[in-house]
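All remarks here apply to the structure that follows.
The values are calculated or read from the model by the stated rules, or taken from the named source; none is laboratory data. These numbers were taken from a predicted model, which means no experiment stands behind them. Quick reminder, even Gly has a Cβ in these numbers, built from the backbone with ideal geometry, and neighbours come from all protein chains shown. Side chains included, ligands, DNA and RNA excluded: accessible areas come from the protein's heavy atoms. Shrake-Rupley method; radii C 1.70, N 1.55, O 1.52, S 1.80 Å.
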Amino acid sequence: MLKIGNIEMKNQVVLAPMAGVCNPAFRLIAKEFGAGLVCAEMVSDKAILHGNQKSLSMLYVDEREKPLSLQIFGGEKETLVEAAKFVDKNTNADIIDINMGCPVPKITKCDAGARWLLDPNKIYEMVAATVEAVDKPVTVKMRIGWDSDHIYAVENARAVERAGGSAVAVHGRTRVQMYEGVADWNIIKEVKESVNIPVIGNGDVTTPQEARRMLDETGVDGVMIGRAALGNPWMLYQTIQYLENGTLAEEPSPREKIDVCMVHLDRLIKLKGENVAVREMRKHAAWYLKGMRGGGRVRDKINSFESRADVATTLYSFVEELEAQMVEQSSAV
Ligand SMILES: Cc1cc2nc3c(=O)[nH]c(=O)nc-3n(C[C@H](O)[C@H](O)[C@H](O)COP(=O)(O)O)c2cc1C
């Protein structure tokens, strides 16, 4: 089982932190679909310390989401530690995670995110100072290295462990790869064999069977799922069930998908107001519609909508169309 510090997860399936996605609206859905641990989107240490309202609102945790991990990023020890202290004292998150994988130049130029991967000593120093300053367990999410010539995953994970980090999540790509190529699970396995703290494997788990394969081949303590859960929280539920008893739960019907899509939208509206939520929902709606015949046409329409009512009417009339087609097909057989 996956245990981080003294926090025990009820299963090994972890929702990956995803900026612009993992706010309470989606995290709660992931939790309802059974995720053992949900991770929040990254928040800037400096923005927290400047009292930036948007960033502070990103630290909100609903009781129902727990256990939950809040992720911060930064490039300097003083601000990182101060932000971690703020999260420690002022939020009900269970875990403080440090981002050491973000590949975006805006972040790495500030010596944050994946930039750390080049320097195990810095990792040790930053993590040790953070662990020292807070009560909550501190974890790190990293990529395997900066580029194929600088893969220090084992050294970096050892540095996290020596510094008192409670777990490490490893995305099997380098910074230079961004999201290209294939995640290297062999390096994740090497990390698992090199440290005694829990290791969570991440990268390219797209099906429940792949989750099983990652656990079996690398020996990791948990599997972290990102993109495969976008618009598809059923993936989390199916994976949990498959890991538990080897059975594959049925795919959801179009109506079930749209019902959850609307729950997601309604929660976003509560969080951010209708205007922002409907715009933010455009990308999610496209993900929920993926794989539905004719979904592209509906997605294009939704991209121009600004009200909940328009989104709901269009999605449900599309579902009715699909259901009528299914009835026609089954009566033709
Ligand atoms: C839209 C998006 C946003 C992301 N934001 C974050 C983030 O805030 N923090 C982080 O550590 N990783 C972030 N990631 C990386 C994911 O957590 C994960 O490592 C990556 O997607 C690989 O896992 P997957 O193959 O299951 O998607 C993000 C990924 C995506 C697709």
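As a summary of the residue check, L268 satisfies the conditions (1) within 16 Å of the ligand (Cβ to nearest atom); (2) of a type outside the set (S, T, N, Q); (3) farther than 29 Å from M58 by Cβ except for the one numbered (3).
Looking only at residues in region 1-20 that are within 15 Å of the ligand (Cβ to nearest atom) and open to solvent by less than 10 Å² (accessible area, probe 1.4 Å), which one is nearest to the chain's Cα centre (by Cα)?
A16
Pairing residues of region 201-223 that are farther than 23 Å from E8 by Cα and among the aromatic types (F, W, Y) with residues that are open to solvent by less than 40 Å² (accessible area, probe 1.4 Å) and more than 10 Å from the ligand (Cβ to nearest atom), at Cβ distances under 8 Å and at least 6 apart in sequence or on separate chains, gives no pairs at all. From the list I123, I48, I95, the one residue that fits, being in contact with a Ser or Thr (Cβ under 7 Å, 6 or more places away or on another chain), farther than 23 Å from L268 by Cβ and either modelled with pLDDT of 95 or more or among the basic types (K, R) (or both), is I95.
From the list M262, M292, exactly one residue is in contact (Cβ under 8 Å) with a residue 12 or more places away in the chain and part of a helix (DSSP H, G or I). Which is it? Walk me through how you get there before you give the answer.
Working: M292 fails: part of a helix (DSSP H, G or I).
Just a single option satisfies the conditions, and that option is M262.
Taken over region 132-142, the criterion of being out of contact with any helix residue (DSSP H, G or I) (no Cβ under 9 Å at 6 or more places or on another chain) and either away from the ligand (no atom under 11 Å from the Cβ) or in a helix (DSSP H, G or I) (or both) is satisfied by no residue. Checked across region 56-75, the condition of being within 12 Å of the ligand (Cβ to nearest atom), open to solvent by 10 Å² or more (accessible area, probe 1.4 Å) and either more than 19 Å from A133 (Cα to Cα) or over 19 Å from the mean Cα position of the chain (by Cα) (or both) holds for at least one residue. Residues of region 236-268 that are surrounded by 14 or more Cβ atoms within 10 Å (Cβ to Cβ), closer than 28 Å to V327 by Cα and among the polar types (S, T, N, Q): Q238 alone.
With the structure loaded, tell me whether M214 is open to solvent by 10 Å² or more (accessible area, probe 1.4 Å), within 14 Å of the ligand (Cβ to nearest atom) and more than 25 Å from V81 (Cβ to Cβ) or whether it fails that test.
Here the answer is no, as M214 does not meet what is asked.
Confirm whether T91 is away from the ligand (no atom under 13 Å from the Cβ) and of a type in the set (S, T, Y). Yes.
Residues in region 295-318 that are among the polar types (S, T, N, Q), open to solvent by 70 Å² or more (accessible area, probe 1.4 Å) and part of a helix (DSSP H, G or I): T313 alone. I'd like the full set of residues that are under 16 Å from M235 (Cα atoms), β-branched (V, I, T) and either within 11 Å of the ligand (Cβ to nearest atom) or crowded, with 24+ Cβ neighbours inside 10 Å (or both), limited to region 22-46. Hit for region 22-46 is V38, nothing else. Residues of region 102-125 that are open to solvent by 10 Å² or more (accessible area, probe 1.4 Å), part of a helix (DSSP H, G or I) and not aromatic (F, W, Y): P105, K106, I107, T108, R115, L118, P120, N121, K122, E125.
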